[in-house]
Amino acid sequence: MSVRFDVDAVVLDIEGTTSATGFVVDVLYPYARERFGALLASRGGEPEVARAVAQVRAEIGEPGADAARVEKVLGEWIDEDRKATPLKTLQGILWAEGFARGDLVSHFYPDVIPVLRRWHGDGVRLYVYSSGSVAAQRAWFAHSAEGDLLGLVSGLYDTENAGPKQEPDSYRAIAASIGTGLGRLLFLSDRPGELDAARAAGWRAVGVRRAGEPYADAEFGDHPLASAFSEITLAARSSS
Ligand SMILES: CSCCC(=O)C(=O)COP(=O)(O)O
Ligand SMILES: [Mg+2]
């Protein structure tokens, strides 16, 4: 299937869309899980860690939860693949450090990077909106197997600076930040609920339905679908 859009900017989901959920679940999640204990024990005074721990305590309604309890909750949230903002903040700290020291190299499906380079070369602005924190996204794009891809990306959005991914208001906030008309933005995601929210905000949206991904058999309603980025054709407006 091939789909064609006349847009100014594309906003990318990561897990399940640009990249394999299997890599996130099998490589990134264990990497963070193994390091939460040390992070909470020795770096709890760092402002970002302290803020995330306070958010975990608030979310579970246990203001006195100690480090062991917080670590246990984080592990349970990972098991559920819960996209909780403080979990994503703490994971992002550890992943960014892992990418920087060479422990981790991000995964992109083979069709993605060539198409992103082409769209960028054609003047289409590219953004990321993922449940992964902005710090994690930055490290992800900076440490791909094809090198640093951050030059392709004009901005990064997460559940902290934009809001939950299944809420139309989050997409309105991103559109205001990008400064582009709602109908000139295209969101690519593997999750129907995110596509619904983007479209409710007035965006264009395409479901990326890749074989083997958790949402591949989900009901996408009348959203246009693509099984690879190479099936999506953009007609970018000239920026003169
Ligand atoms: C580099 S982001 C790590 C992936 C992650 O933790 C995540 O939750 C991604 O979710 P998405 O919104 O991109 O499907
Ligand atoms: Mg996703």
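Some observations on this one:
- Backbone HN-Hα couplings from phi across segment 16-27 [Karplus 6.51/-1.76/1.60, Hz, Gly and Pro as x]: x, 10, 7, 8, 7, 4, x, 5, 4, 6, 8, 10
- Over the chain, volume per residue of the alpha carbon convex hull, in Å³: 125 Å³
- Spatially proximal lysines relative to Lys165 (Cα-Cα < 24 Å; intrachain offsets below 8 disregarded): Lys83, Lys88
- Added length on full extension, which subtracts the Cα-Cα distance from 0.36 nm per residue, Ala218 to Ser177: 11.7 nm
- The chain: relative contact order as a whole-number percent, Cα under 8 Å and 6+ apart: 30 percent
- Amide hydrogen neighbours beyond the local backbone of Gly181, cut-off 5 Å, H modeled: none
- Added length on full extension, which subtracts the Cα-Cα distance from 0.36 nm per residue, Gln166 to Arg117: 14.8 nm
- Principal-axis tilt of helix 85-100 within the chain, Cα atoms, nearest 10 degrees: 80 degrees
- Segment 112-240: relative contact order in percent, alpha carbon pairs under 8 Å with at least 6 residues between: 20 percent
- Amide H contacts under 5 Å for Ile232, placed H, 5+ residues apart: Val3
- Stretch gain in nm, segment Val105-Glu48, where the contour uses 0.36 nm per residue and the Cα spacing is subtracted: 18.1 nm
- Nearest 10 degrees, 0 to 90: helix 67-80 Cα axis against the chain principal axis: 30 degrees
Coordinate-derived values only; no laboratory data. Just so we're clear, the structure is a prediction, and the values are computed from it rather than from any experiment.
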